[in-house]
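Read the structure below first, then the notes.
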Amino acid sequence: MNPNPHPCLTCGACCGTFRVSFYWAEPVPEEYTEKLNDFRACMKHEPDPERPRCIALGGVMGEAVACKIYESRPTPCRDFTASFENGEPNPRCDQARARYGLPPLTPQSWNA
Ligand code: SF4
Ligand code: SF4
């Protein structure tokens with residue numbers, strides 16, 4: 001077993017921080033989305049404004065999570081990189097993690 005699993009699998013903070021909107025015709029399962037306007041849709045979120053958690057996120061934030069529609073997730077989710085996943089920090093990843101009391105990732109977070 002990998003002693004250092006992918007950090008996102010024990011996080012999920014970005015899915016509980018940012019509202020995700022995308023071009024309406026992206027093939028995202030409709031029951032997880034709502035219309036924003038004539039051109040854009042967004043992921044449905046839990047109604048709590050303090051915790052705008054995407055309804056497609058399963059599991060327990062900060063412990064073990066998984067996107068229920070991972071293969072069909074919208075473009076902003078595909079494009080969002082965890083800090084140092086590609087060698088560069090991502091302040092939005094750090095910001096989301098801080099919101100849930102999680103420390104920012106470092107290059108060492110990715111050492112197998
Ligand atoms: S906040 Fe960063 S580490 Fe957490 S799930 Fe999102 S990209 Fe991964
Ligand atoms: S669709 Fe999946 S990856 Fe995107 S915000 Fe929702 S749970 Fe996170």
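Select from the range 69-92 the residues that are more than 17 Å from Ser21 (Cα to Cα) and in contact (Cβ under 8 Å) with a residue 12 or more places away in the chain and write down the one among them that is surrounded by the fewest Cβ atoms within 10 Å (Cβ to Cβ).
Step by step, filter the range 69-92, then rank; the result is Gly87.
Just for the range 90-106: of the residues that are in contact with a Leu (Cβ under 9 Å, 6 or more places away or on another chain) and not in a loop (DSSP other than H, G, I, E, B), which one is farthest from ligand 1 (Cβ to nearest atom)? Working first, answer last.
Let us first name the residues in the range 90-106 that are in contact with a Leu (Cβ under 9 Å, 6 or more places away or on another chain), namely 90, 93-94, 96-97.
In the following step, the residues that additionally are not in a loop (DSSP other than H, G, I, E, B) were identified as 93-94, 96-97.
Working: Cys93: 3, Asp94: 8, Ala96: 4, Arg97: 5 Å.
Filtering the range 90-106 for residues that are in contact with a Leu (Cβ under 9 Å, 6 or more places away or on another chain) and not in a loop (DSSP other than H, G, I, E, B), the one farthest from ligand 1 (Cβ to nearest atom) comes out as Asp94.
Of the residues that make up the range 14-30, is at least one among the polar types (S, T, N, Q), within 13 Å of the chain's Cα centre (by Cα) and closer than 21 Å to Pro104 by Cα? Before the answer, list the steps.
So the first thing to find is which residues in the range 14-30 are among the polar types (S, T, N, Q), and the list is 17, 21.
With within 13 Å of the chain's Cα centre (by Cα) added as a condition, the list becomes 17, 21.
If we keep only those that are closer than 21 Å to Pro104 by Cα too, we end up with 17.
Looking for residues that are among the polar types (S, T, N, Q), within 13 Å of the chain's Cα centre (by Cα) and closer than 21 Å to Pro104 by Cα, one finds at least one in the range 14-30, hence yes.
Basic (Lys, Arg), on the phi < 0 side of the Ramachandran plot and at pLDDT below 95: does that describe Arg51? If you could, list the steps in order and put the result at the bottom.
Working: basic (Lys, Arg): yes; on the phi < 0 side of the Ramachandran plot: yes; at pLDDT below 95: yes.
Yes; evaluated as a whole, the condition is true for this residue.
Among the listed residues Gly87, Gly62, which satisfies the condition of being more than 11 Å from ligand 1 (Cβ to nearest atom) and in a loop (DSSP other than H, G, I, E, B)? Outline the logic, then answer.
Working: Gly62 fails: more than 11 Å from ligand 1 (Cβ to nearest atom).
Exactly one residue qualifies, and that residue is Gly87.
Going through Ser83, Ser72 one at a time, which residue ends up being near ligand 2 (Cβ under 9 Å from one of its atoms) and hydroxyl-bearing (Ser, Thr, Tyr)?
Numbers: Ser83 fails: near ligand 2 (Cβ under 9 Å from one of its atoms).
Of Ser83, Ser72, the one residue that is near ligand 2 (Cβ under 9 Å from one of its atoms) and hydroxyl-bearing (Ser, Thr, Tyr) is Ser72.
How many of the residues making up the range 23-59 are within 20 Å of Gly12 (Cα to Cα) and part of a loop (DSSP other than H, G, I, E, B)? Steps first, answer last, please.
The initial filter retains those residues of the range 23-59 that are within 20 Å of Gly12 (Cα to Cα), namely 28-29, 32-33, 42-59.
Cutting the leftovers down to part of a loop (DSSP other than H, G, I, E, B) gives us 28-29, 44, 46-53, 55-56.
Qualifying residue count, the range 23-59: 13.
How about the range 1-53: which of its residues are free of Cβ contacts under 8 Å to residues at least 60 places away in the same chain, surrounded by 14 or more Cβ atoms within 10 Å (Cβ to Cβ) and aromatic (Phe, Trp, Tyr)?
Phe22, Trp24, Tyr32
Within the range 66-82, does at least one residue satisfy the condition of being among the polar types (S, T, N, Q), in a helix (DSSP H, G or I) and more than 10 Å from ligand 1 (Cβ to nearest atom)?
Start the filter on the range 66-82 by keeping residues that are among the polar types (S, T, N, Q), which leaves 72, 75, 81.
From the residues that got through so far, the ones that are in a helix (DSSP H, G or I) too are 72, 75.
Among the residues that remain, those that are also more than 10 Å from ligand 1 (Cβ to nearest atom) are: 72, 75.
Among the residues of the range 66-82, at least one is among the polar types (S, T, N, Q), in a helix (DSSP H, G or I) and more than 10 Å from ligand 1 (Cβ to nearest atom), which makes the answer yes.
The values are calculated or read from the model by the stated rules, or taken from the named source; none is laboratory data. What you are looking at is a predicted structure, and each value in this text was computed from that prediction instead of being measured. Positions of Cβ are generated from backbone atoms using ideal geometry, with glycine treated the same way; all protein chains shown enter the neighbour counts.
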